[in-house]
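These notes concern the structure reproduced below.
Read the figures in this text as sums done on the coordinates, not as results from a lab. Small disclaimer: the values here were computed from a predicted structure and weren't measured. A quick note on method: Cβ atoms are made from the backbone with ideal geometry, for glycine too, and the neighbour counts reach across all protein chains shown.
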Amino acid sequence: EVQLVESGGGLVQPGRSLKLSCAASGFTFSDYYMAWVRQAPTKGLEWVASISYDGGSTYYRDSVKGRFTISRDNAKSSLYLQMDSLRSEDTATYYCTRAGGGIAATFDYWGQGVMVTVSS
Amino acid sequence: DIQMTQSPASLSASLGETVSIECLASEDIYSNLAWYQQKPGKSPQLLIYYASSLQDGVPSRFSGSESGTQYSLEINSLQPEDEGDYFCQQSYKFPPTFGGGTKLELK
């Protein structure tokens, strides 16, 4: 059974940093692109970042480029999102997703989500 | 970026009814369209990929279709557990983009 379990969310002040983690199981992690998708409170879904099988290629939405860093550790079947210079508009639930199909992917499995609140 | 315009924003229907949700792509996405269901307080789940292929475990009352750049999700014989939010998403061109969502409420 595919499982994605996020951790690391919380309340953080604007301008500070936070690192999200996602532990994957039930599939061969290194065979898949992975991605983070977020959802602001009562809003829709928004793709944030994707990473290739070996971590050699990364992709970001414009609003987080230069502030967020996606990475992975295939030996630990883990995905990460380092978020720096956080802004109030980054407040959202962040979902770890398996991205079947590469960078323009269908997100076939989702974690339970982790809440990030950016507020002073 | 490809824009996905989803309608209606909300929908109210009775048990056993059939409903349809639409998604219009701003350009041709060649059937690279997925539908997700998000039940209250839960994470999204993939229902349909490539416009009309049912994800494993999804009931057959869900179906997808397309006509040009217009994509549709149909739910037959509505059940109580179908209440929630539905989103479309294009996977043809980077970056992947989502529709604004449809809130389905059971009367």
Legend entry - Filter result for the condition that a residue is within 19 Å of B:ILE75 (Cα to Cα), surrounded by fewer than 16 Cβ atoms within 10 Å (Cβ to Cβ) and of a type in the set (S, T, N, Q), over B:SER26, B:SER7: B:SER7
Inset, instruction - Only residues that are in a strand (DSSP E or B) and surrounded by fewer than 22 Cβ atoms within 10 Å (Cβ to Cβ): list them for the stretch B:76-101, please. - result: B:GLY84, B:ASP85
Legend entry - the stretch A:37-51 - residue that is in contact with a Phe, Trp or Tyr (Cβ under 9 Å, 6 or more places away or on another chain) and among the hydrophobic types (A, V, I, L, M, F, W, C) and, of those, farthest from B:TYR86 (Cα to Cα): A:ILE51
Legend entry - Tally of residues being within 12 Å of chain A (Cβ to nearest Cβ) and either assigned to a strand (DSSP E or B) or in contact with a Ser or Thr (Cβ under 8 Å, 6 or more places away or on another chain) (or both) across the stretch B:45-75: 8
Inset, instruction - Tell me the strands (runs of 3 or more DSSP E) entirely within the stretch A:9-58 that contain at least 3 residues that are touching a residue at least 60 places away in the same chain (Cβ under 8 Å) and at negative phi. - result: A:18-25, A:33-39
Inset, instruction - Hand me the list of strands (runs of 3 or more DSSP E) wholly inside the stretch A:75-120 holding 1 or more residues that are free of Cβ contacts under 8 Å to residues at least 40 places away in the same chain and crowded, with 17+ Cβ neighbours inside 10 Å. - result: A:106-110
Inset, instruction - For the stretch B:2-15, indicate whether the set of residues that are in a loop (DSSP other than H, G, I, E, B), away from every other protein chain (no Cβ under 13 Å) and under 13 Å from the mean Cα position of the chain (by Cα) is non-empty. - result: yes
